[in-house]
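The next block holds one structure in the form of structure tokens; read it before the comments.
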Amino acid sequence: MRTASLPAEQGRPRPATVYERLATPLVVRTLLAALAVVILGRTARFTGLFGPIGLSDFDILHIAGRMVWRGDIADAYHLPALLRVQQDLTGQQDFLPWAYPPPFNLVVAVLATLPVSLAYLLFTGTTLAAFLFVLRRIAGPFFPGLLIALFPVLFITVSCGQNGFLTGTLIGLTCLGLVHGRAMAGLPLGLMVIKPHLAVGVAVCALALRRWACLAVAAVTAGLAAALATALLGPAIWPAFLRGADEASANLAAGLYPLFRMISVYASLRSLDLPAAVALAAQAVTAVTALGLVLLALRRGLPRRQVVGLAAVAGLLVSPYAYDYDLSLYGVGLALLLPDLLDRASRREQAALLGLGWVASGYGFVAGTINEHLVPVGAEPLVALSLPGPLLLILLALMWHVLRRERAPASALQTDPAAAALQASAAL
């Protein structure tokens, strides 16, 4: 296997890439300022200064944290009981089920020690800063272009207050450790016990790379986190969690989740009213294909940085249950791959990569906004189709197609983006 390279070779001058043309200092500062405005605006709304607002994703994190201190966190895993608690604590109810493993209950318990507005500000601000710091470490001089590519993901996550920045930071640290061959990469990997389905890609990569020490550290870390949750919350929390997982699976099969915000192939097929069994089978094939691509990259001797980057992106295609805010993993993968992608891709391929990423990550927010403002309460959503799953497949295929190519001047490549996407899909 070739040695890891951070960043990619930069031996000869090349024309400015699409990413570099967009990522001017003014544009980057404007985007960061926009994120700060959204965070401050959401913080103000949580204080109630602008009147009552509907429940958000962060509200359910805070509610679950308060249930830890009340001693009834096990009830969070049963939706009818959770809805009653929502009504008691906020005067509102919404379909915001709780299906996180018990160790994550300890995280939200810390958030619940603060008022919801300050908890949101602290959680979103600190995890965003950590995520951007890790991306900067990975991407180096390509960081401004990376911000342009990831802006929809960043905007969506600060808007809903979800944990995408936290999981993105943990996966990013794991990937950095794997690229450099560090055993302590297992520490953030083990902490992904809070959302283990998103860690499958990098875990398989660590296994394929034979990072036994890393995997041992991950196993110990996950075990300690589970033991701590058991000691603090009681052993009954695990049967409650397992029952909640079954309930969540049934709700997912019934189509009760907002499928248009989900990014899995399963969600795409279910949004077309295909049977749940068919959608689940397609999801299994997708997961095996995506993980197989990581093993194929290793077998073909791609640099470790590329193998790990592909693993981060492939991890998004494993589980049927994944949302647009989980695309922070796409950001980690893109940070690892961007130097080599831009070194090999034509301008049109660069534009295709950027456009596919934007649509895949921003589609759910746009669809949700349309449904919220144009559809009467209780009516069927106007936009019900889940689109990101197939787009992520095409995006991964296009990345693979470009990375297989030897370095060449970008100006010499004139591939049509649509044809490139189809050719890349066929390459899988």
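The values are calculated or read from the model by the stated rules, or taken from the named source; none is laboratory data. Everything numeric in this text was worked out from a predicted model, so none of it was measured. FYI the Cβ positions are ideal-geometry reconstructions off the backbone, even for glycines, and counts take in every protein chain you see. Calculation scope for accessible area: heavy atoms of the full protein, side chains included, ligands and nucleic acids excluded. Shrake-Rupley method; radii C 1.70, N 1.55, O 1.52, S 1.80 Å.
Some points to look at:
- Any hit, region 192-209, residues being without any contact (Cβ under 8 Å) to a residue 12 or more places away in the chain and either open to solvent by 40 Å² or more (accessible area, probe 1.4 Å) or out of contact with any helix residue (DSSP H, G or I) (no Cβ under 7 Å at 6 or more places or on another chain) (or both): yes
- Considering region 162-186, the residues that are touching a Cys at 6+ places or on another chain (Cβ under 9 Å) and assigned to a helix (DSSP H, G or I) include one that is surrounded by the most Cβ atoms within 10 Å (Cβ to Cβ), namely THR174.
- Whichever residue in region 371-428 is in a loop (DSSP other than H, G, I, E, B) and among the hydroxyl-bearing types (Ser, Thr, Tyr) and, among such residues, is modelled with the lowest pLDDT: THR415
- Any hit, region 107-121, residues being within 24 Å of LEU198 (Cα to Cα) and not in a helix (DSSP H, G or I): no
- Taken over region 81-118, residues that are open to solvent by 20 Å² or more (accessible area, probe 1.4 Å), aliphatic (A, V, I, L, M) and under 24 Å from PRO258 (Cβ atoms) amount to 6.
- Residue match in region 290-306 (condition: surrounded by 21 or more Cβ atoms within 10 Å (Cβ to Cβ), in contact (Cβ under 8 Å) with a residue 40 or more places away in the chain, out of contact with any Ser or Thr (no Cβ under 6 Å at 6 or more places or on another chain) and of a type in the set (Val, Ile, Thr)): yes
- Subset tally (residues that are over 17 Å from ARG42 (Cβ atoms) and part of a helix (DSSP H, G or I)) for region 82-106: 13
- Pairs meeting the criteria (first residue in region 93-118 and closer than 12 Å to MET67 by Cα, second residue among the charged types (D, E, K, R), beta carbons under 7 Å, at least 6 apart or on different chains) are ALA112/ARG66.
- ALA314 under 21 Å from LEU176 (Cα atoms), hydrophobic (A, V, I, L, M, F, W, C), surrounded by 21 or more Cβ atoms within 10 Å (Cβ to Cβ) and within 21 Å of the chain's Cα centre (by Cα): yes
- Among residues of region 135-161 being β-branched (Val, Ile, Thr) and over 25 Å from GLY65 (Cβ atoms), the one that is surrounded by the most Cβ atoms within 10 Å (Cβ to Cβ) is ILE138.
- A count restricted to region 232-286 and to residues that are under 16 Å from LEU317 (Cα atoms), assigned to a loop (DSSP other than H, G, I, E, B) and of a type outside the set (Gly, Ala, Ser) stands at 1.
- Check on ARG2, surrounded by fewer than 14 Cβ atoms within 10 Å (Cβ to Cβ), under 30 Å from LEU356 (Cα atoms), modelled with pLDDT under 70 and of a type in the set (Lys, Arg): yes
- Those residues of region 15-41 which are in contact with a Gly (Cβ under 8 Å, 6 or more places away or on another chain), at pLDDT below 90 and either closer than 25 Å to VAL377 by Cβ or assigned to a helix (DSSP H, G or I) (or both), in sequence order: TYR19, GLU20
- Residue check, ALA322 surrounded by fewer than 18 Cβ atoms within 10 Å (Cβ to Cβ) and either touching a Phe, Trp or Tyr at 6+ places or on another chain (Cβ under 6 Å) or of a type in the set (Gly, Ala, Ser) (or both): no
- Some residue of region 70-78 being of a type outside the set (Asp, Glu), over 22 Å from ASN251 (Cβ atoms) and either open to solvent by 20 Å² or more (accessible area, probe 1.4 Å) or in a helix (DSSP H, G or I) (or both): yes
- Criterion (at pLDDT 90 or above, open to solvent by less than 30 Å² (accessible area, probe 1.4 Å) and touching a strand residue (DSSP E or B) at 6+ places or on another chain (Cβ under 8 Å)) met by exactly one of GLY331, GLY364: GLY364
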